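Have a look at the structure below, then the notes.
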Amino acid sequence: MVLAVDIGGTTIKAEIVDPALDAVRRADVPTPVPRPGPTTEAAGSGPAIVDAVIGASRDLLGDSAAEQRSRVRAAGVAVPGLVDAERGIARFSANLGWRDLPLAGPLRTGLGLPVVIGHDVRLAGEAEWRRGAGRGCDHLLVIVIGTGIAATVVSGGRTISGAAGQIAELGHVVVSPDGPRCGCGARGCLETIASATAIAREYARRTGGEVAGAADVVALLHTDPAAAAVWQEAVDALADGIRTAVAMFTPNRIVIGGGLALAGEALLEPLRRAVKVRAEVFGVPPIVGAAFGARAGLVGAALAAQQAAARAGSADG
Ligand SMILES: [Zn+2]
């Protein structure tokens, strides 16, 4: 068994995961809010988050029967932003306000377990590729749509990384040059129109009505023309972004994950149609929903921890 942790913008989720990747126990704690000020290790929420992860993990292990606890062999942690998995450092997160935060080392000390960290979207992509909706597929795109949009690209049976280990920042492909200003400085990036956050924000702007999130907009699709219009614009923007990715990587399957994918066919059916009219010339692959839903990051962290446990075991032997 392993411990899996997913550090999100609002919640830290932790699970004890069995070899079949099912959660045996789970705990959620709020993510500590960054202190205002310059983004540095000391000024951001980094140290508080390390403490919160250790606290939640210890509670989870402490609540378990001794026999179960003794079988937890390693921990995997899914981290947002830029991540140096090799050195165990969370390099940068604008949302969580940290820069060059040592993560694996302090967690290893605090938990007394081997600890591996990885980028949350990469781990989610690995989970879907190895064990989920992209299983058996050597040319695969896993797109995670939540507060932002990013993708894991599998090509020729390997995941592709940037020169510094980056994932594919599909959310910052410009799809509307006169569109909303993005946090990256450009205008009309895909995620300014089609992220779950952007959809909720745009609906509220147009109607003056408050919604808690994109799921509320989905619930109004058949009764509120404004909701339907905002949704279709997001679907069209996603299709434009996917067209670019299909042209570059020609995957033979596309998996859609993250919070927005919980909309299911309300998202996938119009998205397939919109991609078909744009990308038919390249050959449009099947577009399917993620298998692990909101757990994908945790499942990927568990897989990474299983590998770390196997390495530690063989080193012991
Ligand atoms: Zn951008």
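The numbers here are math on the coordinates, done by the rules we state, and not lab data. These figures come from a predicted structure and were not determined experimentally. Here the Cβ is made from the backbone with ideal geometry for all residues, glycine too, and neighbour counts use every protein chain on show.
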Expressed in µm² per second, the diffusion coefficient of the chain from the Stokes-Einstein equation, with Rh the Kirkwood radius over alpha carbon pairs, at 10 °C and 1.306 mPa s, is 79 µm²/s
With +1 on the Cβ of every Lys and Arg and -1 on the Cβ of every Asp and Glu, the dipole magnitude of the range 133-290 about its Cα centre, in debye rounded to the nearest 20, is 320 debye
At R0 = 51 Å the Cβ-Cβ FRET efficiency linking ARG311 and GLN232, nearest 0.05, sits at 0.60
Computed for the range 132-200: size of charge dipole around the Cα centre, +1 on C-beta of each Lys and Arg, -1 on C-beta of each Asp and Glu, debye to nearest 20, value 60 debye
Of the range 189-208, those with amide N under 19 Å from the point 7 Å along the Cα→Cβ vector of ALA219 are 196-208
Residues meeting the amide H criterion for ILE149 (H placed from the backbone, H to H distance under 5 Å, 5 or more places apart or on another chain) are GLY171
Projected onto the charge dipole of the range 133-290 (unit charges on the beta-carbon of Lys, Arg, Asp and Glu, signs +1, +1, -1, -1), the Cα from THR223, LEU271, ALA133 with the largest positive-side position is that of ALA133
Under the helix-only model (-39500 (n - 2.57) for each DSSP H run of 4 or more, divided by the residues of the chain), the mean residue ellipticity at 222 nm, to 500 deg cm²/dmol, is -12500 deg cm²/dmol
Using the Kirkwood radius over Cα pairs of the range 133-290, the Stokes-Einstein translational diffusion coefficient at 20 °C and 1.002 mPa s, in µm²/s and rounded to a whole number, is 136 µm²/s
So, relative contact order of the chain in percent, Cα under 8 Å, 6 or more apart, is 19 percent
Per the C-alpha gyration tensor (a ≥ b ≥ c, the square roots of its eigenvalues), the range 89-136 is rounded if a/c is under 1.5, else prolate if a/b beats b/c, else oblate; here it's oblate
Computed for the range 31-163: size of charge dipole around the Cα centre, +1 on C-beta of each Lys and Arg, -1 on C-beta of each Asp and Glu, debye to nearest 20, value 200 debye
If exposed means GluC sites (Glu not before Pro) lying in a DSSP loop and surrounded by at most 13 other beta carbons within 10 Å, then the longest stretch of the chain lacking such sites spans residues 87-209
Once ALA66 and ALA212 are pulled to full extension, the length gained, defined as 0.36 nm per residue separation minus their Cα-Cα distance, is 48.5 nm
Per the charge dipole of the range 133-290 (beta-carbon charges, Lys/Arg positive, Asp/Glu negative, Cα centre), the residue among GLY241, GLY258, ALA214 reaching farthest to the positive end is GLY241
So the angle from the long Cα axis of helix 225-249 to the longest Cα principal axis of the chain, reported in degrees to the nearest 10, equals 70 degrees
Checked against the positive end of the charge dipole of the range 57-152 (+1 on Cβ of Lys and Arg, -1 on Cβ of Asp and Glu, about the Cα centre), the farthest of VAL77, GLY88, SER64 is SER64
One would report the antiparallel percent of DSSP beta bridges in the range 133-290, rounded to the nearest 5, as 60 percent
Note on the range 205-269: alpha-carbon gyration tensor, axes a ≥ b ≥ c; rule is a/c under 1.5 for rounded, else prolate if a/b larger than b/c, else oblate; result prolate
Once ALA94 and ASN252 are pulled to full extension, the length gained, defined as 0.36 nm per residue separation minus their Cα-Cα distance, is 53.5 nm
At R0 = 30 Å the Cβ-Cβ FRET efficiency linking GLN166 and VAL33, nearest 0.05, sits at 0.70
The FRET efficiency for ARG108 and ARG135, from their Cβ-Cβ distance with R0 = 35 Å and rounded to 0.05, is 0.70
